[in-house]
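Since the structure comes first, as C-alpha cells, the remarks are kept for the end.
The values are calculated or read from the model by the stated rules, or taken from the named source; none is laboratory data. Predicted model only: the values in this text are computed from it and were never measured. Here the Cβ positions follow ideal geometry from the backbone for every residue, glycine too, while neighbour counts run over all protein chains shown. For accessibility, only protein heavy atoms count, side chains too; no ligands or nucleic acids. Shrake-Rupley method; radii C 1.70, N 1.55, O 1.52, S 1.80 Å.
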Amino acid sequence: MLDGLEWDVALLQEAPPRWFAELARRTRSSGVRVLTSRNLIPPVQRKLADLNPDLLASSDGGSNQILVRHPGRVVERRRLTLTWRPEQRRMHWARLELPGAVRPCVSNLHASAGLPARAGLEVVAAAEAAVEWSGPAPLVFGGDLNLRPGRNPGPFEILRERFGLIEPTAPDAIDHLLVRGLDIVERPHRLDADRCELAEPDGRRIRLSDHRPVCARFVG
C-alpha cells in the first residue's frame, strides 16, 4: 500500500521496529527510526506477534520512522525524549537532501494519547526543538499529535503564532502535517478508509492501521 502512493517522504508512528528494513526495501527508500514505547523483550514480542498479531496489537513494540525515497536521503538526524511515562514519547527530526536545491527538515512525533493537556505540552516542546534545529530551512512538522484542533485549539494557535507552522489536517483530525517555509500545493487531507485495507484471496480484508493516512504536497 505504501509503495503504491506517490511520495518523497513518509512519516510512520508506532510501527514495529523490525518492519523498518523491509519497509525501506519494498518502498525503494532509506531513512531513520527511533524506538518509542513497549520495547520490553523484543525476541519474545516478535514470536507472540507472529502467532497472534491481533491479540498482541501494539505491544509488538513501537518506533517512529522517517522514510525518504531514493535518490533523497537523510543527512542529519536528532531526537528528543519528551516523556517517559506513562509511555515513552519521542520526537524524531531529520534534515533531508532531496532532488533539487531545497534541503527541508522534517520531524515525526507520536504524542501522548488520551491526555490532551500533556499532549499539548509535548507538541509545543517538540515544535520548539524542531524549529531551533532547522534554523532557516523549511520544516514539515508531522505525526500523530493526539490533538483535535476543533476541540484543543490552543496548541495549534501557539504552533502558528510562535513557530509559523500552519494548516492542520481537519478540525476533528489527530494526525497532522504542519509546514513552515514551503508553499502548499495540496493541503493535508486524509485518504479514504479503504486505503488502509488490503483484500486477501479468501475475501477477508486486512486493516493496516486504525488511522487513515494523511497526505500533502509542498514545494520550495
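Suppose only helical runs count, i.e. DSSP H with n ≥ 4. What mean residue ellipticity at 222 nm does that imply for the chain under -39500 (n - 2.57) per run, divided by all residues and rounded to the nearest 500 deg cm²/dmol?
Calculated from helices alone, the mean residue ellipticity at 222 nm is -7000 deg cm²/dmol.
For Asp3 and Leu115, what is the calculated FRET efficiency with R₀ set at 45 Å and r taken between the beta-carbons, to the nearest 0.05?
0.85
So with the 1.4 Å probe, I'd like the accessible area per residue for the chain, rounded to whole Å².
Here the per-residue accessible area is 54 Å².
Can you tell me, using C-alpha contacts under 8 Å and at least 6 residues apart, the relative contact order of the chain as a whole percent?
14 percent
Kyte-Doolittle cut-off 0.5, length cut-off 24 Å along the helix's own axis using Cα: show which whole DSSP H helices in the chain pass.
Span-like helices in the chain: 116-134.
Could you give the nm distance between label points at Arg190 and Ala137, where each point is 7 Å from its Cα heading toward the beta carbon?
Calculated label separation equals 3.1 nm.
Heavy-atom accessible area of Asp183 with all protein chains present, probe 1.4 Å, nearest 10 Å²?
Approximately 100 Å² of Asp183 is accessible to the 1.4 Å probe.
Students often get this wrong: which residues of the stretch 203-220 have the backbone nitrogen under 20 Å from the point 7 angstrom along Cα-to-C-beta of Ala170?
207-218
Each residue of the stretch 4-12 in turn: what ³J(HN,Hα) in whole Hz from Karplus with 6.51, -1.76, 1.60 and θ = phi - 60°, glycine and Pro shown as x?
x, 8, 9, 7, 9, 9, 10, 10, 10
Any chance you could get the radius of gyration and Dmax over the Cα atoms of the stretch 79-220, in Å?
Calculated on Cα positions, Rg and Dmax stand at 16.0, 52 Å.
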